[in-house]
Amino acid sequence: MNRELSVERHIEAPVATVWTTMIDRFDDWFCPRPWRAATREIEWRPGGRSLVVMHGPNGEEMPNEGIILDFQPERRFVFTDAFTGDWQPSGPFLVGLFAIVEDGAGTRFTATARHWTDEALEQHRAMGFEGGWGAMADQLKTLAEGGTL
């Protein structure tokens, strides 16, 4: 059964530039504005811990802790919230995949959320997946193409 939600963007920049933006400027694009992301820790390797706190415009804080499952430079990284540091089980919501491939003179960016249950998929959709992850993809596009947010 397909429990995926996904957004894609064509970015007018080479794969290497998009990848560098994805990793080096993660906090700048990962969270749709007016929210902002603050990386507390990301070990960019399979099995690495990830802790990113999203801060809302009214003082909200939403910690996102998980594990990096796959890390292939200039190709993709995959993470999940099914585990926290040292492989401690957590309440799983999704597996996130951020992938890039050469696309003509630019790069195709695809962000996919795979959910454990139909309920989690519908919850994510109702939370505004398309708008939120779409804004995130647009922010990455803007930065990788040399713009400012």
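The values are calculated or read from the model by the stated rules, or taken from the named source; none is laboratory data. Model, not experiment: these values are computed from the prediction. When we count neighbours, we look across all protein chains shown, and the Cβ atoms used for this are built from the backbone with ideal geometry, even at glycine. SASA here: full protein model, heavy atoms, side chains in, ligands and nucleic acids out. Shrake-Rupley method; radii C 1.70, N 1.55, O 1.52, S 1.80 Å.
The set of residues in segment 58-97 that are open to solvent by 20 Å² or more (accessible area, probe 1.4 Å), closer than 20 Å to Arg45 by Cα and among the polar types (S, T, N, Q) comprises Asn64, Gln72, Thr84, Gln88, Ser90. Residues in segment 119-128: is at least one among the aliphatic types (A, V, I, L, M), open to solvent by less than 60 Å² (accessible area, probe 1.4 Å) and not in a helix (DSSP H, G or I)? Scanning segment 119-128 turns up no residue that is among the aliphatic types (A, V, I, L, M), open to solvent by less than 60 Å² (accessible area, probe 1.4 Å) and not in a helix (DSSP H, G or I). Of all residues in segment 1-29, those that are in contact (Cβ under 8 Å) with a residue 60 or more places away in the chain and in a loop (DSSP other than H, G, I, E, B) have Cβ atoms under 8 Å from Cβ atoms of residues that are hydrophobic (A, V, I, L, M, F, W, C) and open to solvent by less than 60 Å² (accessible area, probe 1.4 Å), 6 or more apart or on another chain, in Arg3/Ala120; Arg3/Leu121; Ala13/Ala144; Arg25/Leu143.
Restricting attention to segment 1-22, which residues are open to solvent by less than 30 Å² (accessible area, probe 1.4 Å) and aliphatic (A, V, I, L, M)? Selection gives Leu5, Val7, Ile11, Ala13, Val15, Val18, Met22.
Considering every residue within segment 122-130, establish whether at least one is charged (D, E, K, R) and under 17 Å from the mean Cα position of the chain (by Cα). Yes; the residues of segment 122-130 include at least one that is charged (D, E, K, R) and under 17 Å from the mean Cα position of the chain (by Cα). Selection of segment 98-122 for residues being without any contact (Cβ under 8 Å) to a residue 24 or more places away in the chain and closer than 24 Å to Arg40 by Cβ yields an empty set.
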